[in-house]
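Structure record follows, encoded as structure tokens.
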Amino acid sequence: MAYTVAVIGTGAEPENPGRDGYAMAYHHAAGYENHEECELVACADIVRENAEAFADEFEIREEGIYEDYGEMLSEAEPDIVSVCVPPAIHDRIVLDCVRSPSVEGIHCEKPMDDTYGGARMMTQEAARHDVQLTFNHQRRFSDAVRTAKELLDAGEIGELERIEFSAPVGIFDYGSHSFDLCNYFNDEVGGEWVMAQMDYREENVLFGTHNENQAVVLWEYENGVHGLGTSDSTGEGGPNAAVECHNRLIGTRGTIEVGPEDGETALRIRRAGDEEWEAVDTEDGMHGWEFVDRSIAENVRCLETGEEPELGAENALNATELIFGAYESARQRGRVDLPLDIDDHPLEAMVESGELSPAPMEGE
């Protein structure tokens, strides 16, 4: 089956991709180009020259270039839409796409939204309108991650007891991947409670949203598996020094590390009784734009078959609940039991109220 595809939020032009951060639209578009069932027919960006540069790169005709995404949805009538805008406007745009008659699938950048209420509403409305909504937690499609899961499922380290992660910039931005991978390793089991503390003394705004400088998060899943997550954007060897790998899986008979800090291997295992780590060969590590291609290919396959995609909104919401639960724990100064019953972004709320007053970033 053939699908027409449109992109909202093209980002910077290809000659200057760092101007507005990661130009994720270009990576999404490359994924669709590599899929024979997909045809890029339209794009929208509030900066027309950005949309024009994107259209030129991917041979989208002049009539497929828009500044108003609503106009694009009604005129181009795409089957699939990629949303590559900052998280603060994810919910509004995704909901408009969900309610557009032609749209069957939406692939949105992470994090889900800058409020928990927005993330929850998108998930609810996509299900109500029977639209496949996915979020770009593409690191699941790293061969190192997939192989780690295979080793875990094969019982190579016994029963899973604890999952750990370290995030380099914040539990909202990069931590969206981190929590999502933890949930992937634990078979998407929901959380039971979360408890966190964080430090926010120097402004750390990523894609328009505040992220803490350092954090330590503890949580428990409904099946009794525990989690430990850290973040550190300071580069001073803070909480992340306690984990020193991208993800760690601790079982009753051994440990698996994905992306260990030594950089010598992307994956290693140490079984009970072993003194040394065993390196595990993988095709790739934790970083690669090809993961976006794999994500889009899987999303399109699931759209064709009616299967639930791994990157589906329900799975993304489970990770998002832990993120906002951690921030709510810091706001309440105590453990937060799940399900989470808030609508806002607690860290943003604390900054807006003056409860937290981070110093401006250098150069401001």
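The values are calculated or read from the model by the stated rules, or taken from the named source; none is laboratory data. Predicted model, so just to flag it, every value in this text is computed and none were measured. All Cβ positions, glycine included, derive from the backbone under ideal geometry; neighbour counts span all protein chains shown. Each accessible area value is taken on the protein alone, full model and side chains, heavy atoms only, with ligands, DNA and RNA left out. Shrake-Rupley method; radii C 1.70, N 1.55, O 1.52, S 1.80 Å.
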Quiz item: In the range 185-224, which GluC sites (Glu not before Pro) fall in coil by DSSP and have 14 or fewer other Cβ atoms within 10 Å?
Solution: 222
Practice problem: Please sort by residue number the trypsin sites (Lys or Arg not before Pro) in the range 58-100 whose DSSP state is loop and whose Cβ has at most 11 other Cβ atoms within 10 Å. | Solution: 61
Quiz prompt | Charge tally in the Cβ shell below 14 Å around residue 288, where Lys, Arg are +1 and Asp, Glu are -1, residue 288 excluded | solution = -1
Self-check item: Extension gain from residue 226 to residue 47, taking 0.36 nm per residue of separation minus the Cα-Cα distance
Solution: 59.9 nm
Quiz prompt | Contour minus Cα-Cα distance for residue 75 and residue 124 (0.36 nm per residue) | solution = 15.0 nm
Practice problem: Among 124, 111, 242, flag the residue with its Cα farthest along the positive direction of the charge dipole of the chain, charges on Cβ as +1 for Lys/Arg and -1 for Asp/Glu. | Solution: 242
Quiz prompt | Residue-averaged 222 nm ellipticity for the chain, from DSSP H runs of 4+ at -39500 (n - 2.57), nearest 500 | solution = -10000 deg cm²/dmol
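Compute the FRET efficiency between residue 244 and residue 289 as 1/(1 + (r/R0)^6), taking r as their Cβ-Cβ distance and R0 = 22 Å, and round to the nearest 0.05. Intermediate results must be reported in sequence, preceding the final value.
Values: r = 26 Å, r/R0 = 1.16.
Taking R0 as 22 Å, the efficiency between residue 244 and residue 289 is 0.30.
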Practice problem: Taking 7 Å along the Cα-to-C-beta vector as the label spot, tell me the residue 335-residue 96 distance in nanometres, rounded to one decimal. | Solution: 4.4 nm
Practice problem: Give me the number: length gained by fully extending residue 56 to residue 359, i.e. 0.36 nm times residue separation minus the C-alpha to C-alpha distance, one decimal in nm. | Solution: 104.9 nm
Self-check item: Radius 14 Å from Cβ of residue 158, net charge of other residues (Lys, Arg +1; Asp, Glu -1)
Solution: -1
Practice problem: Calculate, for the range 274-364, the solvent-accessible area per residue in square angstrom, rolling a 1.4 angstrom probe over the heavy atoms of the protein chains. | Solution: 52 Å²
Self-check item: Solvent-accessible area, 1.4 Å probe, carbon plus sulfur percent, for the chain
Solution: 44 percent
Exercise. Write out the GluC sites (Glu not before Pro) in the range 257-337 meeting two conditions: DSSP loop, and at most 11 other Cβ atoms within 10 Å of their Cβ.
Key: 264, 275, 276
